[in-house]
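The structure appears right after this line, and notes come after that.
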Amino acid sequence: MKKNKHKYTPVRFSHLMSYAGVGAIVRGAEDKLMVVTDIRYWTDKQGQIAAEVIPYVKRVSMALDINKELRMPPYAKETEYGTLDGSYLPAVLFPQWAKCQKCGLLYNNPWREKNLEEKIYCQKCGGVLEQVTWCAVSNKGHLSDVPWHYICHQNAETDCRVDYETSYLKLDTDINGKKIVKCTKPGCKSQNYYENAKIHIIDAIQPWIKEKAPQLGQDDVVEILEVNDPSVYLPERVNALVIPPESRISKTSIVDRLYNDSKLLREIDRIKIPLRKKGKIKEAATKFRCSVEEIESAIAEIKAGYPYFEDNITVGELMEDEYKAFLTPLDDVRDDEDFVTIHKSEEFHVLYSDKNTLELNSIIKIIDRTIIATRLREIQVFKGFYRAKQDDGNDVLVPPDIVGESSWLPAVELFGEGLFFTLDEEIVSKWENIDAIRKRADEVAKRYEKSDVNLNTDVIISPRFLLLHTLSHLLIRELESTAGYPAASLKERIYCSKDKKMAGILIYTTVADIVGSLGGIIESAEPKNFLTLLDGAFKHAQWCSLDPVCTEHEGQGPGWLNRAACHACCLIPEPSCNYGNVFLDRVFIKGHEEQGIPNLLGFVKELYGEKKV
C-alpha cells in the first residue's frame, strides 16, 4: 500500500468486545478484509497507551477474577480534511493473497504498491483480482495466510521450489466439485485439496507480527478454513453490572474530578518544592473552578484511599451480589449514581382482584418482587480469543496483547435501563420437584454434557433455569412489540440457584452514551403495563404457529438443546441471548398433560385453591 494512504473504518465500542475485537477478521475500507492488531499497538502519537482507565470498577474486576486495569479502547473522529482527531486502532490487510476471478491464478500481496481502491488485473487473462477468503488457524490461536505452495506440493514427486515473485499456483475445483490448488509450472503437475485440510505448519503467530513461525507441538492442529468460519475467531467476553457501593460514588465532586485526572494528580505529587506545589494546586483550583482548600482536601482524600477507604469492597458470587443489590432498596439516591432502582412490588400485588381472570391472578401470585432499574452501568471486558477450539481442551485463550504481559484489558462501559423481577420461591420450589418436570430437564442436561456446544458462561441446567430462560425470551419478544425496542437491542441476565433461592430475570438495554436509553423499558415495567406484558408472554407460551410439531419435538437447535422452542415462538437475535439460543422449552410454562407436566398458571391456581367468584 502507498505511504500515508490510510483508510479508516468506523466500529462500535461493543463490537470491539466481540466479533470485531483483537485478532478478528473484519471487512474494512474499500470492502477489503482486515485483521485487528493487538493492544500493544493501541497507542497515541507519543507512543503512550491511548486507552483511558475506566474508574470505579474494583468490585467488577474482583468478581470477574481480573487483576488488571480495565481501559476503554481509544477513539477518534475523521475531520473534514481527511485527518484524524484522536487515536485509531490499527488493522492490517488479511489475507494478503489474491486470486483472479476468471482463471483462479494466485498472486501474493498485489496491493504492496497500490491503493486499496485500485482494481488490479491478472497478468495472464486480464481478469480482476479479488482477495482470497481462506486462512490457516491453529488451536494455539495462531493465524496466517494459507501456505499454498506447501499444501499443493505435499507428497509431490517433483522438486518444485516456492517462488513468491511469480504467480504459478491456481485455485480450481476437480470433477467432483471439491476445491483444489494446483501448480502450473512446466513439468509440475502437483495438486491437492485445501478445503478444511489439516496440516502441521503455520507461517506466522499473527498476521501483524513479523517474527519467525511458531513451533507447534505434537498434538497441535492447523486447519485451512474460510475467514467467516466460526472456528476462526471465538472471542471471550465477560460482563457485570456496577452495583453499590461503587455505583454510589459521586461523579460530580471535586475529589472525583481530580481522581480521574491522573496526569494532573501525578504532576502535583511529583513537585517537592512547597512553593511550586502551591502554584500547581492553584492552577488545579482554577481548572476545576473551586477553592485551593477544596483541592487540598481532595488530595488528602485520595491519599487516604479514596474511593476505597479501608478496602470496603467485599465480593461474593457475581450473580448473587447483583441479585441482592436489586432486592435492596436504596436511600437518598443522587442523579449521578450508576445503579438506581425503584421498587414496585407492593403496587404490583395490589392489582390482585376478584375481577381479574384466574390467569391474571395466578401471574400476580407467581411474581414475588418487581423492580424498575432506571439507571444501569454495565462493564464488558474482552479477555481474549480462541481459534480452532478443540473438544479435548487442547487449545489456548490468546490474551489481548498476544503475549500475556499487559497490565490492562480492553473494556467498555455501557449505560441503560431495565426491568427486574423474581418468581415466588415457594411456588417455584414445589413446581420444580415434580418428577415429570425434573425428568424433562435432566434429558436436556444430559444432551448438553454430550454436545459440542461451547458457551462462554457457566450454566447448570435445571427446571428452574429452563423456566426462567424461556420466560425471559418470551418477554423480550413481547417487549419488542409493546415497548418499540428491536429485540436485538435487549439483553437478559438470568439469576438462578436452587441452593441460594434465586429465581430472577433482568431484561435490559444499554448503550455507550452516558445519557442512557429512551425509557421504553421503564414505562413497560410499571405495574399495570408489566402485568399486561406478562399476560401476553404467558399467552404466547401456550401456542406456536408450528404447533403441534414444535411442542412435540424431541429436540431442536444446536445439540438438540431446545425442546418446544423455535423461531416462531421463543428464539431471539443471538446478541440478546447469553446462552446461544438454547435451553428453551415452552412446555415448562404451557404444560404437557400426557407427560404429567402441569400448566404453570394452572399449578399456581391449584396450589392456592383459587376459584372465580
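The values are calculated or read from the model by the stated rules, or taken from the named source; none is laboratory data. Computed from a predicted structure; not experimentally measured. Note that each Cβ is placed from the backbone with ideal geometry, even for glycine, and that neighbours are counted across all protein chains shown. These accessible areas exclude ligands, DNA and RNA; they are computed on the full protein's heavy atoms, side chains included. Shrake-Rupley method; radii C 1.70, N 1.55, O 1.52, S 1.80 Å.
Kyte-Doolittle mean at least -0.5 and Cα extent at least 18 Å along the axis: which DSSP H helices of the chain qualify? Before the final figure, lay out the partial values.
On the way: long enough: 274-288 (21 Å, -1.03); 435-450 (23 Å, -1.65); 463-482 (28 Å, 0.34); 527-541 (21 Å, -0.01).
Span-like helices here: 463-482, 527-541.
Net charge near I522, counting Lys/Arg +1 and Asp/Glu -1 over other residues with Cβ under 11 Å of its Cβ?
Working: positive: K344, R375; negative: E417, E523, E526.
Here the count lands on -1.
So which GluC sites (Glu not before Pro) in the stretch 402-506 pass both tests, a DSSP loop state and at most 13 other Cβ atoms within 10 Å of the Cβ? Don't skip to the answer; put the middle values down first.
On the way: sites: E405, E413, E417, E425, E426, E432, E443, E449, E478, E480, E492; in loops: E405.
Here the sparse-neighbourhood loop sites are E405.
So, with +1 on the Cβ of K and R and -1 on the Cβ of D and E, and no other charges, what is the size of the charge dipole of the chain about its Cα centre, to the nearest 20 debye?
Working: 80 positive and 92 negative charges, 379 e Å.
For this selection, approximately 1820 debye.
From the Cα trace of the stretch 500-590, what convex hull volume per residue do you get, rounded to a whole Å³? Intermediate values should be presented prior to the final figure.
Details: hull volume 13.6 nm³, N = 91.
Hull volume over Cα atoms, normalised by residue count, gives 149 Å³.
If the convex hull of the alpha-carbon atoms of the stretch 116-187 is projected onto planes in all directions, what is the mean projected area in square nanometres? Could you put the intermediate results ahead of the total?
On the way: hull surface 29.4 nm².
If I average the Cα hull's projected area over directions, I get 7.4 nm².
What whole-number volume per residue, in cubic angstrom, does the convex hull of the C-alpha atoms of the stretch 155-200 give?
Working: hull volume 4.8 nm³, N = 46.
Spread over its residues, the Cα hull of the stretch 155-200 gives 105 Å³ apiece.
Between D31 and I120, what FRET efficiency comes out of the Förster formula 1/(1 + (r/R0)^6) with R0 = 22 Å and r the beta carbon distance, rounded to 0.05? Before the final figure, lay out each step's value.
Details: r = 14 Å, r/R0 = 0.63.
According to the calculation, E is roughly 0.95.
Could you compute how fast the stretch 405-489 diffuses translationally, taking Rh as the Kirkwood radius over C-alpha pairs and applying Stokes-Einstein at 4 °C with viscosity 1.567 mPa s? Give it in µm² per second.
Numbers: Rh = 16.4 Å.
Result for D is 79 µm²/s.
Just to confirm my numbers, what's the Cα centroid distance between the stretch 258-286 and the stretch 459-486 in Å?
Their Cα centres are 52 Å away from one another.
Compute the whole-percent fraction of alpha carbon pairs in the stretch 12-66 spaced more than 14 Å apart.
Numbers: 1033 of 1485 pairs.
The proportion of pairs with Cα distances above 14 Å equals 70 percent.
Report Rg (one decimal) and Dmax (nearest whole number) for the stretch 279-424, counting Cα atoms only, units Å.
23.8, 74
Find out how many positive minus negative residues lie around Y164, taking Lys and Arg as positive, Asp and Glu as negative, among other residues whose Cβ is under 12 Å from that of Y164. Intermediate results must be reported in sequence, preceding the final value.
On the way: positive: R112, R161; negative: D145, D163, E165, D203.
Computed value for this residue: -2.
Any idea what log10 I(q)/I(0) is at q = 0.18, 0.24 Å⁻¹ for the stretch 61-125, Debye with uniform C-alpha scatterers and no solvent?
Log-scaled intensity ratios, in q order: -0.83, -1.06.
Sequence neighbours fewer than 8 away in the same chain don't count; with that in mind, list the aspartates and glutamates whose C-alpha is under 15 Å from K58.
Qualifying aspartates and glutamates at Cα under 15 Å: E69, E246, E310, D311, E317, D321, E322, D338, E378, E413.
Mind checking which lysines have their Cα closer than 19 Å to the Cα of K77? Skip sequence neighbours fewer than 8 apart in that chain.
Output for K77: K5, K7, K45.
So what's the back-of-envelope 222 nm ellipticity for the chain, counting only DSSP H runs of four-plus at -39500 (n - 2.57) apiece and dividing by all residues, rounded to 500?
Numbers: 17 runs with 158 residues, N = 613.
Taken over the chain, the calculation gives -7500 deg cm²/dmol.
Greater than 18 Å separation of Cα atoms is the criterion. Which listed pairs, K277/K303; K430/K500; K140/K198; K210/K383; K102/K182; K102/K170, meet it? Don't jump to the answer; show the numbers that get you there.
Working: K277/K303 16 Å; K430/K500 15 Å; K140/K198 14 Å; K210/K383 23 Å; K102/K182 15 Å; K102/K170 11 Å.
Check vs 18 Å cut-off fails for K210/K383.
As a test of understanding, state the convex hull volume per residue of the stretch 356-515 from its alpha carbons, in Å³. It would help to have the intermediate numbers written out before the result.
On the way: hull volume 27.8 nm³, N = 160.
Per residue, the Cα convex hull of the stretch 356-515 comes to 174 Å³.
Just to be sure I understand the curve: with the Debye formula and one point per C-alpha of the stretch 406-456, what is log10 I(q)/I(0) at q = 0.15, 0.19, 0.30, 0.32 Å⁻¹?
At q = 0.15, 0.19, 0.30, 0.32 Å⁻¹ the computed log10 ratios are -0.82, -0.87, -1.09, -1.14.
Looking at the chain, which longest stretch skips every one of the chymotrypsin sites (Phe, Trp or Tyr not before Pro) that is in a DSSP loop with at most 10 other Cβ atoms within 10 Å, leaving the sites themselves out? Please report the intermediate quantities before stating the final value.
Values: sites that count: Y81, Y164.
The reported range is 165-613.
Over the stretch 202-278, what lengths in whole Å, largest first, do the semi-axes of the equivalent ellipsoid take, defined as the square roots of 5 times the eigenvalues of the alpha-carbon gyration tensor?
On the way: eigenvalues 482, 112, 23 Å².
In descending order, the three semi-axes are 49, 24, 11 Å.
Cα atoms only, the stretch 76-200: Rg and Dmax in Å?
Looking at the stretch 76-200, its Cα Rg and Dmax stand at 17.6, 59 Å.
When all C-alpha to C-alpha distances in the chain are sorted into bins of 20 Å, what percent of pairs does each bin hold, rounded to whole numbers?
Pair shares across the bins are 16, 41, 32, 10, 0.
Set Lys and Arg Cβ to +1 and Asp and Glu Cβ to -1, take the dipole of the chain about its Cα centre, and tell me which of A300, H592, T79 lies farthest positive.
Highest projection toward the positive end goes to T79.
Taking N as the number of residues in the stretch 327-396, what value does Rg over Cα atoms divided by 2.2 N^0.38 Å take? List each step's numbers first, then the result.
Values: Rg = 21.6 Å, N = 70, 2.2 N^0.38 = 11.1 Å.
Rg over 2.2 N^0.38 Å, computed on Cα atoms: 1.95.
Along each of its three principal axes, how wide is the spread of alpha-carbon positions in the stretch 148-252, in whole angstrom units, largest first?
That gives 77, 34, 31 Å along the principal axes, largest extent first.
From the mean inverse distance of alpha carbon pairs (Kirkwood) and the Cα radius of gyration, derive Rg over Rh for the stretch 447-558. Could you put the intermediate results ahead of the total?
Values: Rg = 16.0 Å, Rh = 16.1 Å.
That ratio is 0.99, to two decimals.
Please list the radius of gyration and Dmax for the stretch 335-376, considering alpha-carbon atoms only, with Å as the unit.
For the stretch 335-376, the Cα-based Rg and Dmax read 13.7, 43 Å.
How big is the stretch 12-118 on each of its three principal axes, counting only the C-alpha atoms and giving the largest first in Å?
That works out to 59, 35, 22 Å along the principal axes.
Enumerate the lysines that K528 could reach by cross-link, defined here as Cα to Cα under 24 Å, with residues fewer than 8 away along the same chain left out.
Excluding near neighbours in sequence, the set is K344, K355, K365, K491, K539, K590, K605, K611, K612.
Roughly how far apart, in whole Å, are the Cα centres of the stretch 421-449 and the stretch 320-377?
24 Å
At a probe size of 1.4 Å, how large is the accessible area of R40, to the nearest 10 Å²?
Surface open to solvent at R40 totals about 110 Å².
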